[in-house]
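Beneath this line is the structure, given in structure tokens, with notes to follow.
The values are calculated or read from the model by the stated rules, or taken from the named source; none is laboratory data. Quantities reported herein were computed from a predicted structural model and do not represent experimental measurements. Cβ sites come from the backbone with ideal geometry, for glycine too, and all protein chains shown count toward neighbours. The protein model used for the area step is the full one, side chains on, heavy atoms only, and it has no ligands, DNA or RNA in it. Shrake-Rupley method; radii C 1.70, N 1.55, O 1.52, S 1.80 Å.
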Amino acid sequence: MDSHTILYSVIGDPIHHSKSPVMMNRAFRETGINGIYTAFHIKDAQLPDFVAGVRAMGIRGVNVTIPHKLAVMPLLDEIDESARAIGAVNTIVNHDGRLVGYNTDGIGYVRSLKEEAEPNLAGKRILIVGAGGATRGIVY
């Protein structure tokens, strides 16, 4: 880690259970990326200050989990078209202080479903249990 290290994080409440920092930091090491991935326990009232901190500290990307996927949206500069249609953001990318929200939940889940269970989903019936931001992305 040095002054060129790129910062990334995941936020949520709770977040202590997240395996993302372990997975991402190992991926950075193995691929030679000069990055660090941290987890921040952010309560609802802290969310606006955290988003301001992302800009101030130059955090390059943030993964967003419960309960902030909806509440973070009005705090961002731009919402990707699919995230707006879904109504939830799970990824924030910092483009030189301009924060853009995306939703990758559905793409990631459908890709893993095709790879691990059923390559051809056309015409299949799928039961999704839940109504949160990830479910919105999967349904979309």
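Separation of region 1-71 from region 117-135 is 28 Å, based on Cα centroids.
Each of the peptides 61-68, 112-119 was scored by the mean count of other Cβ atoms within 10 Å over its residues; in descending order, highest first, they stand as 61-68, 112-119. Distances between placed amide hydrogens fall under 5 Å for V10 paired with T38, A39, F40, N63, all partners being 5 or more residues away or on another chain. Taking every DSSP bridge with both residues inside the chain, close to 40 percent are antiparallel. Packing around the peptides 100-110, 34-44, taken as the average count of other Cβ atoms within 10 Å per residue, puts them in this order, highest first: 100-110, 34-44. The lysines whose alpha-carbon is closer than 23 Å to the alpha-carbon of K124, local same-chain residues fewer than 8 away aside, are K114. With protein chains left intact and a 1.4 Å probe, residues in the chain average 62 Å² of accessible area per residue.
Counting only protein heavy atoms and a probe of 1.4 Å, the accessible surface of region 5-91 is 59% carbon and sulfur.
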